[in-house]
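**Student:** My structure is below; once you've seen it, I'll send some questions.
The values are calculated or read from the model by the stated rules, or taken from the named source; none is laboratory data. Everything numeric here is computed off the predicted structure, so don't read it as measured data. We place every Cβ from the backbone using ideal geometry, glycine too, and count neighbours over all the protein chains shown. To get the accessible areas, we keep the full protein, side chains included, count just its heavy atoms, and leave off ligands, DNA and RNA. Shrake-Rupley method; radii C 1.70, N 1.55, O 1.52, S 1.80 Å.
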Amino acid sequence: MKKLQFESLVISDLEGEEFGHPSHSHTYYEMIYVMKGNGNHHINNIILPYKCGDLFLISPDDQHYFEYNKYSRLIFIKFTDDYFKGNKHLSPDSFAMNSPENVMRKQVLKEKKLIFTEPCKTILKKTIENILSYNCRKDVSTSPIVFYQILSIFGLIKEATSKMDIRLDVGLQNKEDVISYIHQNIYQPETIRIKNIAYHFNISPTYFSAYFKRNFEVSYRDYVNDYRMALIERRMESGQNTIKQIAYEFGFTDESHLSHYFKNKKSKTLGSYKNKSRSLA
């Protein structure tokens, strides 16, 4: 089940004996602060115990739910991509390289809890209370006051991760880095397998696939195959390389492997393509 949200910012307060929602994902980002209670937070098949003062970050790629052990109160700060885009004029320059959305998607923050020490722990609680106090206003989604309160939470997250030796400034920071890496390593198939490129950019394979599809509107596998095929065709058209040389250059085991790959992708044999290229020369 995927929950929808059309407003750019929604703040809600949930209190009770049980969570009341099955495992689900969202179309939006969600900060969840534990005001009281304890239990377990199930996220992406990982179980993290929660207690008062904990903060969890949920992105549209995540699947999660809470299991209460004790009467709990959870505060939800839910925002869409439009929230930070609409307040871009208020954002610090540092967010150009590592946006709040990127922080929310960090896989490592789904696998371990953020640890806030004093005075950050108290500041976080007061910041959440400030946001709740302002939630009675109709213009909460456009309020600079609320926006800066939310930014301060990201500042606290940055400080907490720094103390936990978690780097937020590495990974998928912009599309150019990803494309550059693919193009530089296209001749080494093992290097650009999803699990390896995901490891290089410090993100889970599942997250990487979703990230690539969302940003390039094509699957990662299709992009790599299309780019590799374009380069192979270029080699064939130049007439400067034998099939054996091309196979070696692109990491195929032998000519037969390359020929099978080419026929599977282009529905024609390498030989027929090479003959056509010669006739056009």
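**Student:** Take E176 and tell me if it is in contact (Cβ under 8 Å) with a residue 60 or more places away in the chain and surrounded by fewer than 13 Cβ atoms within 10 Å (Cβ to Cβ).
**Tutor:** No: the conditions fail for E176.
**Student:** Need a quick list: helices (runs of 4 or more DSSP H) entirely within the stretch 139-248 having at least 3 residues that are aliphatic (A, V, I, L, M) and either closer than 30 Å to L124 by Cα or within 25 Å of the chain's Cα centre (by Cα) (or both).
**Tutor:** In the stretch 139-248, 144-163, 175-185, 194-200 are the helices (runs of 4 or more DSSP H) which contain 3 or more residues that are aliphatic (A, V, I, L, M) and either closer than 30 Å to L124 by Cα or within 25 Å of the chain's Cα centre (by Cα) (or both).
**Student:** Given the criteria open to solvent by less than 30 Å² (accessible area, probe 1.4 Å), at pLDDT 95 or above and under 18 Å from the mean Cα position of the chain (by Cα), does F76 qualify?
**Tutor:** no
**Student:** What is the residue count in the stretch 96-149 for residues that are in contact with a strand residue (DSSP E or B) (Cβ under 8 Å, 6 or more places away or on another chain) and within 18 Å of E7 (Cα to Cα)?
**Tutor:** 8
**Student:** Does G37 meet the test of being more than 28 Å from R214 (Cα to Cα) and open to solvent by less than 60 Å² (accessible area, probe 1.4 Å)?
**Tutor:** Against the criterion (more than 28 Å from R214 (Cα to Cα) and open to solvent by less than 60 Å² (accessible area, probe 1.4 Å)), G37 qualifies.
**Student:** For the stretch 101-123, give me the residue count where each residue is assigned to a helix (DSSP H, G or I), at pLDDT 85 or above and under 27 Å from F201 (Cβ atoms).
**Tutor:** 4
**Student:** Aromatic (F, W, Y) and open to solvent by less than 20 Å² (accessible area, probe 1.4 Å): which single residue out of Y83, Y68 fits that description?
**Tutor:** Matching residue, one of Y83, Y68: Y83.
**Student:** Let me ask something additional. Filter the stretch 8-22 for residues that are outside any strand (DSSP E or B) and open to solvent by less than 50 Å² (accessible area, probe 1.4 Å); which is modelled with the lowest pLDDT?
**Tutor:** S8
**Student:** Another question, if that's okay. Please work out which one of (1) more than 19 Å from E176 (Cβ to Cβ); (2) among the β-branched types (V, I, T); (3) at pLDDT 85 or above is the condition T242 fails and give its number.
**Tutor:** For T242, the exception is condition (3).
**Student:** How many residues are buried (at least 17 other Cβ atoms within 10 Å of the Cβ) and modelled with pLDDT of 85 or more when one looks only at the stretch 210-222?
**Tutor:** 2
**Student:** Please state which of the following conditions K121 fails to meet, knowing it meets all the rest: (1) of a type in the set (K, R); (2) within 21 Å of S143 (Cα to Cα); (3) open to solvent by 40 Å² or more (accessible area, probe 1.4 Å); (4) in contact (Cβ under 8 Å) with a residue 40 or more places away in the chain.
**Tutor:** (2)
**Student:** Restricting the first residue to the stretch 248-269 and requiring it to be under 14 Å from R228 (Cα atoms), which pairs with a second residue that is outside any loop (DSSP other than H, G, I, E, B) and of a type in the set (G, A, S) meet a Cβ separation below 6 Å and a spacing of at least six or different chains?
**Tutor:** Taking only residues 6 or more apart or on different chains, the pairs are L258/A247.
**Student:** Please specify each residue of the stretch 249-263 satisfying the condition of being closer than 23 Å to N196 by Cα, part of a helix (DSSP H, G or I) and not aliphatic (A, V, I, L, M).
**Tutor:** E249, H257, Y261
**Student:** Restricting the first residue to the stretch 56-78 and requiring it to be within 30 Å of S209 (Cα to Cα), which pairs with a second residue that is modelled with pLDDT under 95 and of a type in the set (K, R) meet a Cβ separation below 6 Å and a spacing of at least six or different chains?
**Tutor:** S59/R105
**Student:** Please list, ordered by first then second residue, the pairs with beta carbon atoms under 6 Å, 6 or more apart or interchain, first in the stretch 129-149 and surrounded by fewer than 14 Cβ atoms within 10 Å (Cβ to Cβ), second β-branched (V, I, T).
**Tutor:** Cβ pairs passing all conditions: none.
**Student:** For the stretch 32-61, name all the residues that are under 21 Å from F116 (Cβ atoms) and not in a strand (DSSP E or B).
**Tutor:** G37, N38, K51, C52, G53, D54, S59
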